[in-house]
Amino acid sequence: MNLFNFLTSDIAIDLGTANTLIMYKDRIVVDEPSIIAIDKVSGKVLAIGHKASLMHEKTNENIKTIRPLRDGVIADFTAAELLIRGLIKMLETSRPLFAASHRMVVSIPSGITEVEKRAVRDSCEHAGAKEVNMVYEPIAAAIGIGIDITQPNGTMIVDIGGGTTEIAIIALSGIVCEQSIRTAGDVFTRDIVDYIRREHNLFIGERSAEQIKMMVGSALIELANPPSDYEVRGRDLMTGIPKEIRVTYSEIAYALEKSVSKIEEATMKVLEMAPPELSADIYTNGIHLTGGGALLHGLDKRLALRTKLPVHVAEDPLKAVVKGTGEVIRHMDLYRAVLIR
Ligand code: ADP
Ligand code: MG
């Protein structure tokens, strides 16, 4: 090991709209929601990640919570920097011998602009990175689920995150065709808030709606193994009093219908864009679902019915991108072609 390696710590970051994960030496050492809480008066950071998400929508006039990313890219530069810095600090305090000079690989959405790339690079540099490399998220996701993306064999990824759904066909270390749409987890959550308000006259918060989505969120009105009903509390819009109701997965499937069909249509579009030899590969290899949205009940079956292709849900869909990003930083030489500088 040369001196440079000894003094440098390589970290891989999946800076997501919903969650930020960091991998260091083969292990996921940070897995937190991408949110911070700050004191409005002093501007001081009060909490980061899980702790900040518990404060979300429960703040008073002195505190505000910020999600620095929107639609996969940095929307609030200052807050993004505070988030990255805070998360890296978590890692440093838990590891006293952690070297301070960081070489980073950060995953970014495939549809990102030059200005948005610059924002990611600057935030990471301000947060302590000496060298920042980037990799496209669908490529990282494919590597993360164990696919050898360097081969002349097509792979199709549908990554459904918080802000965007990234759909891509990959071969020979590159993206051949892709679509990125702004219909993903956050939109599903909003669909649920709207539906419950409209159909049940109940006003629920985003966190409650997200819970409903995770427990009984469904892409099909009828499921073979249905989840049991879910109880949710909020404010009755008629009386103003707190109230509890029960929701079924079929109702939620109805609430999500429009958004799920947008993902379905975008998937069809990417399939139509594929060169024939890659279509042939995908006929055999099928479609891989990653990102938190892959866990929606029945989504795999729904896409399989529509495309008539095998659809595989990644084993740990929320971790696919960070695992792949970690793999890239461990084998920089092998993956040189996928790095974006
Ligand atoms: P990002 O990369 O944008 O940060 P993630 O891949 O971490 O997004 O996924 C987060 C999204 O997945 C959130 O919108 C979250 O609500 C959603 N999610 C997490 N678990 C589930 C689940 N079991 N069912 C449906 N959606 C889920
Ligand atoms: Mg993601």
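Within the range 58-68, the residues that satisfy the criterion of being open to solvent by less than 100 Å² (accessible area, probe 1.4 Å) and more than 19 Å from R85 (Cβ to Cβ) are T59, N60, N62, I63.
The rows are residues; the columns are (1) within 16 Å of ligand 1 (Cβ to nearest atom); (2) surrounded by 14 or more Cβ atoms within 10 Å (Cβ to Cβ).
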{"residue": "E277", "(1), (2)": "no, no"}
{"residue": "T290", "(1), (2)": "yes, yes"}
{"residue": "H297", "(1), (2)": "yes, yes"}
{"residue": "L303", "(1), (2)": "yes, yes"}
{"residue": "P310", "(1), (2)": "no, yes"}
{"residue": "K319", "(1), (2)": "yes, yes"}
{"residue": "G324", "(1), (2)": "yes, yes"}
{"residue": "A337", "(1), (2)": "no, no"}
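Residue check, L223 against (1) crowded, with 20+ Cβ neighbours inside 10 Å; (2) touching a Gly at 6+ places or on another chain (Cβ under 6 Å); (3) in a loop (DSSP other than H, G, I, E, B), all met but one. Which one? For L223, the failing item is (1). At least 1 residues being among the polar types (S, T, N, Q) and surrounded by fewer than 20 Cβ atoms within 10 Å (Cβ to Cβ) is the threshold, and among the strands (runs of 3 or more DSSP E) wholly inside the range 69-172 those reaching it are 101-108. Does the range 212-219 contain any residue that is under 26 Å from the mean Cα position of the chain (by Cα), surrounded by fewer than 17 Cβ atoms within 10 Å (Cβ to Cβ) and of a type in the set (D, E, K, R)? Within the range 212-219, none of the residues are under 26 Å from the mean Cα position of the chain (by Cα), surrounded by fewer than 17 Cβ atoms within 10 Å (Cβ to Cβ) and of a type in the set (D, E, K, R).
Within the range 259-289, being hydrophobic (A, V, I, L, M, F, W, C) and either in contact with a Cys (Cβ under 7 Å, 6 or more places away or on another chain) or in a helix (DSSP H, G or I) (or both) holds for V260, I263, A266, M268, V270, L271, M273, A274, L278, A280, I282.
Considering the conditions (1) open to solvent by less than 50 Å² (accessible area, probe 1.4 Å); (2) in the same structural domain as E166 (by TED's automatic domain parsing); (3) in contact with a strand residue (DSSP E or B) (Cβ under 7 Å, 6 or more places away or on another chain), M273 is excluded by exactly one of them, (1).
Filter the range 6-48 for residues that are open to solvent by 50 Å² or more (accessible area, probe 1.4 Å), at pLDDT below 95 and closer than 26 Å to I139 by Cα and give the result. Matches in the range 6-48: K25, D26, R27.
Selection of the range 104-118 for residues being of a type in the set (A, V, I, L, M) and under 18 Å from the mean Cα position of the chain (by Cα) yields V105, V106, I108, I112. Count of the range 280-332 residues, restricted to those that are touching a Leu at 6+ places or on another chain (Cβ under 6 Å) and among the polar types (S, T, N, Q), is 0.
Checking each residue of the range 57-68 against the condition of being within 16 Å of ligand 2 (Cβ to nearest atom) and touching a residue at least 24 places away in the same chain (Cβ under 8 Å) gives at least one match.
Return yes or no: is R235 open to solvent by 50 Å² or more (accessible area, probe 1.4 Å), in contact with a Pro (Cβ under 8 Å, 6 or more places away or on another chain), at pLDDT 95 or above and outside any helix (DSSP H, G or I)? It would help to see each step written out before you state the result.
Details: open to solvent by 50 Å² or more (accessible area, probe 1.4 Å): yes; in contact with a Pro (Cβ under 8 Å, 6 or more places away or on another chain): yes; at pLDDT 95 or above: yes; outside any helix (DSSP H, G or I): yes.
Yes: the conditions hold for R235.
Being more than 19 Å from the chain's Cα centre (by Cα), on the phi > 0 side of the Ramachandran plot and charged (D, E, K, R) is true for just one of K44, K58, K25, K40. Which residue is that? Answer to the selection: K25.
The values are calculated or read from the model by the stated rules, or taken from the named source; none is laboratory data. These numbers come from a predicted model, not from an experiment. Note: ideal-geometry Cβ built from the backbone for every residue, glycine included; neighbour counts use all protein chains shown. Calculation scope for accessible area: heavy atoms of the full protein, side chains included, ligands and nucleic acids excluded. Shrake-Rupley method; radii C 1.70, N 1.55, O 1.52, S 1.80 Å.
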